[in-house]
Number of protein chains: 2
Amino acid sequence: MAKFLTNREENYAQWYNDLVIKADLAENSVVRGCMVIKPYGYAIWEKIQAELDRKFKATGHVNAYFPIFIPKSFFSKEAKHVEGFAKECAIVTHYRLMKDESGNGLIVDPSAKLEEELIVRPTSETIIWNSYKNWIQSYRDLPILINQWANVVRWEMRTRLFLRTTEFLWQEGHTAHATREEAVEETERMLGVYSDFAENFMALPVIKGYKSENERFAGAIDTYTIEALMQDGKALQAGTSHFLGQNFAKAFDVQFTDKTGKLDYVWATSWGLSTRVIGALIMAHSDNNGLVLPPRLAPIQVVIIPIYKNSEQLETISAAARKIMSALEVRGISVKYDDRDNNKPGWKFANYELKGVPVRIAIGPRDIENSTVEVARRDTLEKEIIPMNGIEAHIAGLLDDIQKNIYFKASEFRKTNTFYADKWDDFVNLLDNQGGFIMAHWDGTSETEEKIKEETKATIRCIPFDSPDEDGKCIYSGKPSKRRVLFARSY
Amino acid sequence: MAKFLTNREENYAQWYNDLVIKADLAENSVVRGCMVIKPYGYAIWEKIQAELDRKFKATGHVNAYFPIFIPKSFFSKEAKHVEGFAKECAIVTHYRLMKDESGNGLIVDPSAKLEEELIVRPTSETIIWNSYKNWIQSYRDLPILINQWANVVRWEMRTRLFLRTTEFLWQEGHTAHATREEAVEETERMLGVYSDFAENFMALPVIKGYKSENERFAGAIDTYTIEALMQDGKALQAGTSHFLGQNFAKAFDVQFTDKTGKLDYVWATSWGLSTRVIGALIMAHSDNNGLVLPPRLAPIQVVIIPIYKNSEQLETISAAARKIMSALEVRGISVKYDDRDNNKPGWKFANYELKGVPVRIAIGPRDIENSTVEVARRDTLEKEIIPMNGIEAHIAGLLDDIQKNIYFKASEFRKTNTFYADKWDDFVNLLDNQGGFIMAHWDGTSETEEKIKEETKATIRCIPFDSPDEDGKCIYSGKPSKRRVLFARSY
């Protein structure tokens, strides 16, 4: 087998980067921190989009589009939002270039300076609530359930393909409600959509919970999150849903008349999931041979490779392959038949393993004689000989098995890498030598959380929804605590 | 009928603007020239995207994503491109804001100045060809057939909703080929995709042709276009496909080894279609009652409205309506049942006419008795009473009829508004008093074209592919000409 990648156990970060590049998912662009999402990587994003969009619409949402530029002054309107988002950002100050008279090239036309600078959106609450102000007068105008598919820009200092890039793609939902209860319900509903998507499509078990105050979205009353565990023992936040209370309605003066005729501020939520989850998808399941993609998000679910010595053999094999292809396509399974003659079967095998194609079918002259094919599954690398007759039902079942098995493996990994720590030394030891999720008691103060972060680089990933009541003592301060929270180092 | 709109015959521009606003398609945002695409307008864009994306994939293309920012220097690399695109644009000069120490608010941090300014993409040839440089070594790496769905920014001075906005949404295809022939073929193929889409989905007859040198894409050897006629007699360019020759390959030094081992520059095409076509869709078909949407692009194809006096009646009607709904949905027809009790049927009728829903079904107590419904078509405003039994087949046929009829109407309009002019006075008269497409002779020089534009505001929309050879004299200069070209005033 060709070795494309740095060994995962030797250098996880390098393995990840190699994988993204070699599997043709994305690459760095000439623009600092901005990536090019290549067709194979983008095809995964399209599958993510299609499923999420379906789920959003099934829960009553519609899509819309708001401007990419936000006037600078908007960021100052919500007191906490400004702290979180108005710092590192792309700032448009001018709107015209002109020829450099002293030589060749272009310079900024100094006379084309904007009166107020525009910020390339890092998130759209402000520009959207400024619009909602004109859309909402009465309770009859509510709820507004809007989602936007968009690019956003945050001027990150240290970037990594998919995981943290200056520009990234995402969806951001922004909803407006007449009551607090309804908005809280929406916040929960959308976290449910994300966790359902993560578990059933990304094959990624996640822990649902609240963010601590330190880790909350800037401007939110409450941030709900789904947290996943990567194979190097670090956590990754895969999606967040925010209950914004009346903060943005107050900042942009969005009031409505309720059923009793009383004027009140509108209640809000926002929720987002980005191309970052492709990083999670890669890191959670892949191995030293390359990507391992869950079938439900794999752009190619099955690849068929002919093994032949001459063109007559190829012809017979191709006829059989095409029959299998159409039988699979009828079932909605995406298939590629790779009969290119510039690479040997062995190279192709390795290449599709690298690309994480869940099922490989190989057909040789012997298979034709016996009416069989060789079927290999990417997750376990197991091979078996299967009769051609009824192959489509077998493959459909196999894809389901693979989806389940990838999820099962990730769940088992998380199980063996979730720890309960009650002593500070154990806590530090676990973080330094083992990684993983650590359930520990915390006294509930931001001060303690910050100290823990300073000393260990671990943060509170969330306060799990299902964390049971339990009396204990804070792992750091020793002060009383009522429940355990989830600590980890994270991406 | 409620009058929502300025009369189309009185003030076409105002009618258009009213329509966009009142039908809830889009609105101006607080950011100069940037629009908010509201859910109903965005739903039309989603239908456009879905169909085009399907067509692109069926012709072998894949999607990818390139950075929104382009280094300033890239624009100077292609000699003509710089003239067309590097003038009015959004320029990012800084990447950090800081608190204004003298008061409240935020100011640009002067220490966070970019070494090289970044331009928000007005089109992506330069950044994409800079990437292709690393992707292409040999003929085996070709062709590259990539499309991108993205937002772009051009700093327009005069903007109009959908038709010309500072930020707009579009798709841009960027392909790379080993031979000139293949690239020309691709340019033609994609114009074919656009014209097929315009005619069969937008119900918009278009004329395919070449752009004159003046009107060509900056950096193209040849620009192909589809030109449509609006109801006010002005032309609108609905999509363009560019044969770029080796211009961008030379500008970014993209060479490949061909089959014979010889090094050559890569051949390129690009092609794009934007949210502007929503403006065309509106202007081509709509009337004083509101939008007229071709069924294939209508977010809601059928609306059902109950007419009742009490809740018992509503219950019986709702049961019948839901039966019809599911029968229609099985056929893939999108239906809305509007049983909201806060508006009267008359208001709803007018509102769905305004929104261009192709078919309206009204059901009252009398209909229940007779097992009938009232069916109204938006294009002709005709109504008929139809038996409930088998209604789904009737509606499916009716939607087809409406699609064809809207196309037919637009074709007839174009036919009666296409003129042949041989004298300058006639030419000017037609433009001033009639509008429409004018086929006239032209001497082939940019100079003449510019003079005609100066004197009449008309431009050469295209040199139609199917314009026959015909000896004549230039309408302006009297010099010899071999074929007629298409003149019009345009959006």
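What the table shows:
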item	result
Selection count, the range A:34-66, where residues are out of contact with any helix residue (DSSP H, G or I) (no Cβ under 6 Å at 6 or more places or on another chain) and over 26 Å from residue A:281 (Cβ atoms)	1
Filtered residue count, the range A:20-35, keeping only those that are more than 9 Å from chain B (Cβ to nearest Cβ), farther than 14 Å from residue B:70 by Cα and not aliphatic (A, V, I, L, M)	2
Those residues of the range B:54-98 which are in a strand (DSSP E or B) and small (Gly, Ala, Ser), in sequence order	B:90
Criterion violated by residue B:233 - all others in (1) at pLDDT below 95; (2) in a loop (DSSP other than H, G, I, E, B) satisfied	(1)
The one condition in (1) buried (at least 22 other Cβ atoms within 10 Å of the Cβ); (2) more than 9 Å from every other protein chain (Cβ to nearest Cβ); (3) more than 30 Å from residue B:87 (Cα to Cα) that residue A:126 fails to fulfil	(3)
Selection status of residue B:466, at pLDDT below 95, under 31 Å from the mean Cα position of the chain (by Cα) and acidic (Asp, Glu)	yes
Meets criteria (under 29 Å from residue B:223 (Cβ atoms) and crowded, with 16+ Cβ neighbours inside 10 Å) for residue B:386	no
Within the range B:393-442, considering residues that are aliphatic (A, V, I, L, M) and in a strand (DSSP E or B), the one surrounded by the fewest Cβ atoms within 10 Å (Cβ to Cβ)	B:439
In the range B:134-155, residue farthest from residue B:244 (Cα to Cα) [restricted to those that are at the interface with chain A (Cβ under 10 Å from one of its Cβ atoms) and assigned to a helix (DSSP H, G or I)]	B:140
Of all residues in the range A:71-97 being more than 9 Å from chain B (Cβ to nearest Cβ) and more than 26 Å from the chain's Cα centre (by Cα), the one that is modelled with the lowest pLDDT	A:79
Some residue of the range B:250-263 being free of Cβ contacts under 8 Å to residues at least 12 places away in the same chain and on the phi > 0 side of the Ramachandran plot	yes
Elements of type helices (runs of 4 or more DSSP H) contained in the range B:236-347, each with 1 or more residues being surrounded by fewer than 18 Cβ atoms within 10 Å (Cβ to Cβ)	B:247-251, B:311-330
Filtered residue count, the range B:217-231, keeping only those that are acidic (Asp, Glu) and over 17 Å from the mean Cα position of the chain (by Cα)	1
Which numbered condition residue B:263 fails, given (1) over 26 Å from residue B:48 (Cβ atoms); (2) outside the structural domain of residue B:143 (by TED's automatic domain parsing); (3) at pLDDT 95 or above	(2)
Residues located in the range B:67-81, provided they are in contact with a Lys or Arg (Cβ under 9 Å, 6 or more places away or on another chain) and buried (at least 22 other Cβ atoms within 10 Å of the Cβ)	B:67, B:68, B:69, B:70, B:78
Test: residue in the range B:439-452 that is within 30 Å of residue B:293 (Cβ to Cβ) and either touching an Asp or Glu at 6+ places or on another chain (Cβ under 9 Å) or not basic (Lys, Arg) (or both)	no
Candidate set from the range A:103-123 (those that are in a strand (DSSP E or B) and either without any contact (Cβ under 8 Å) to a residue 40 or more places away in the chain or more than 9 Å from chain B (Cβ to nearest Cβ) (or both)); member that is nearest to residue A:218 (Cα to Cα)	A:116
Some residue of the range A:22-36 being charged (D, E, K, R), in the same structural domain as residue A:187 (by TED's automatic domain parsing), closer than 30 Å to residue A:357 by Cβ and free of Cβ contacts under 8 Å to residues at least 40 places away in the same chain	no
Count of residues meeting criterion [of a type in the set (Gly, Ala, Ser) and in a loop (DSSP other than H, G, I, E, B)] in the range B:443-461	2
Residue B:100 being out of contact with any helix residue (DSSP H, G or I) (no Cβ under 9 Å at 6 or more places or on another chain) and either more than 8 Å from chain A (Cβ to nearest Cβ) or hydrophobic (A, V, I, L, M, F, W, C) (or both)	yes
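Let's see how each residue does on (1) in contact with a strand residue (DSSP E or B) (Cβ under 6 Å, 6 or more places away or on another chain); (2) away from chain A (no Cβ under 11 Å); (3) free of Cβ contacts under 8 Å to residues at least 60 places away in the same chain:
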{"residue": "B:5", "(1), (2), (3)": "no, yes, no"}
{"residue": "B:15", "(1), (2), (3)": "no, yes, no"}
{"residue": "B:45", "(1), (2), (3)": "no, no, no"}
{"residue": "B:57", "(1), (2), (3)": "no, no, yes"}
{"residue": "B:61", "(1), (2), (3)": "yes, no, no"}
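Every residue, every condition in (1) within 14 Å of chain A (Cβ to nearest Cβ); (2) farther than 29 Å from residue B:87 by Cα; (3) out of contact with any Cys (no Cβ under 7 Å at 6 or more places or on another chain), yes or no:
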residue: B:168; (1), (2), (3): yes, no, yes
residue: B:180; (1), (2), (3): no, yes, yes
residue: B:189; (1), (2), (3): no, yes, yes
residue: B:194; (1), (2), (3): no, no, yes
residue: B:211; (1), (2), (3): no, no, no
residue: B:230; (1), (2), (3): no, yes, yes
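One line per residue, one yes/no per condition, for (1) under 25 Å from residue A:138 (Cα atoms); (2) part of a loop (DSSP other than H, G, I, E, B); (3) touching a helix residue (DSSP H, G or I) at 6+ places or on another chain (Cβ under 6 Å):
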{"site": "A:157", "(1), (2), (3)": "no, yes, no"}
{"site": "A:171", "(1), (2), (3)": "no, no, no"}
{"site": "A:186", "(1), (2), (3)": "yes, no, no"}
{"site": "A:190", "(1), (2), (3)": "yes, no, no"}
{"site": "A:204", "(1), (2), (3)": "no, yes, yes"}
{"site": "A:227", "(1), (2), (3)": "no, no, no"}
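The values are calculated or read from the model by the stated rules, or taken from the named source; none is laboratory data. What you see is a predicted model; the values in this text were computed from it and never measured. All Cβ positions, glycine included, derive from the backbone under ideal geometry; neighbour counts span all protein chains shown.
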